[in-house]
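Heads up: the structure comes next, in structure tokens.
The values are calculated or read from the model by the stated rules, or taken from the named source; none is laboratory data. Remember, it's a predicted structure, so these values are computed and weren't measured experimentally. Because the Cβ atoms are built from the backbone with ideal geometry, glycine has one as well, and the counts that use them run over all protein chains shown. What goes into the accessible areas is simple: the full protein's heavy atoms, side chains included, and nothing from ligands, DNA or RNA. Shrake-Rupley method; radii C 1.70, N 1.55, O 1.52, S 1.80 Å.
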Amino acid sequence: MNRQDQVGILKRLLHYVDTRTTSMADAPWRNDVSVYTDAERLTREQQILFRQHPIVMGFAAEWAAPGSFRTDDYAGVPVLVVRGRDGKLRAFLNVCRHRGAKVAAGCGTARLFSCPYHAWTYDLSGKVMGIPTSAAFRTCALSDPRLPNCRCARSTAWCG
């Protein structure tokens, strides 16, 4: 949408606010029931709304202290947002680099995150800190064993 169209829409919205009116259609709009029950449509909407645009996870103040974290699967993508020891808010895919299992659940405060399969541990910056019996995982050498980053901006996280 170009800037001129955006300004036009904004002016129309402000007019509705000033006059305490709204836009009215010529006739009632009817949606077919399939609009609400079609699994394929849901998948398309999730792809567009949750994967191509930022996801609001909350206000940055909700992660006030280092180690504060929250997880969610808004769009079928497991996201972990955490406040680092350095005070920075970060977002990651909530998946262990070895097995893909979630390293955190719910919300709370943590010093480390750990995979339930083989206890790979990650610090608050997403860096792998420990791989128990690492000799057993020599063939799993990853170029970057960190938790995969998501873009994080103020109070939004975006994994796209």
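Here the spin labels are modelled as points 7 Å beyond Cα on the Cα-Cβ line, and at SER34 and ARG51 they lie 2.2 nm apart. Shown is the FRET efficiency for LEU42 and ALA105, computed with R0 = 25 Å from the Cβ-Cβ distance and rounded to the nearest 0.05: 0.50. Judged by the mean number of other Cβ atoms found within 10 Å, the most tightly packed of the peptides 21-34, 95-108 leads the ranking 95-108, 21-34. The alpha-carbon of LYS102 sits under 18 angstrom from the alpha-carbons of these aspartates and glutamates, leaving out residues fewer than 8 places away in its chain: ASP72, ASP73, ASP123, ASP144. Our summary gives the chain a relative contact order of 20 percent, counting only alpha carbon pairs under 8 angstrom and 6 or more residues apart.
Here each label is just a point 7 Å from Cα along the line to Cβ, and for ALA119 and ARG85 those points are 2.0 nm apart.
Per residue, the solvent-accessible area of the chain (1.4 Å probe, heavy atoms of protein chains only, all protein chains present) comes to 70 Å².
Projection of the Cα convex hull of the chain, averaged over all directions and equal to a quarter of that hull's surface, yields 14.6 nm².
Scanning residues 5 or more positions from ILE55 or on other chains, those with amide H under 5 Å from its amide H are ALA157, TRP158, CYS159, with H placed 1.01 Å from N in the peptide plane.
For the chain, the longest principal axis of the Cα atoms and the long axis of helix 39-51 meet at an angle of about 80 degrees. Split the accessible area of the stretch 28-101 by element, probe 1.4 Å, and carbon with sulfur accounts for 55%. Between ALA27 and LYS11, the modelled label-to-label distance comes to 3.1 nm, taking each label 7 Å out from Cα in the direction of the beta carbon.
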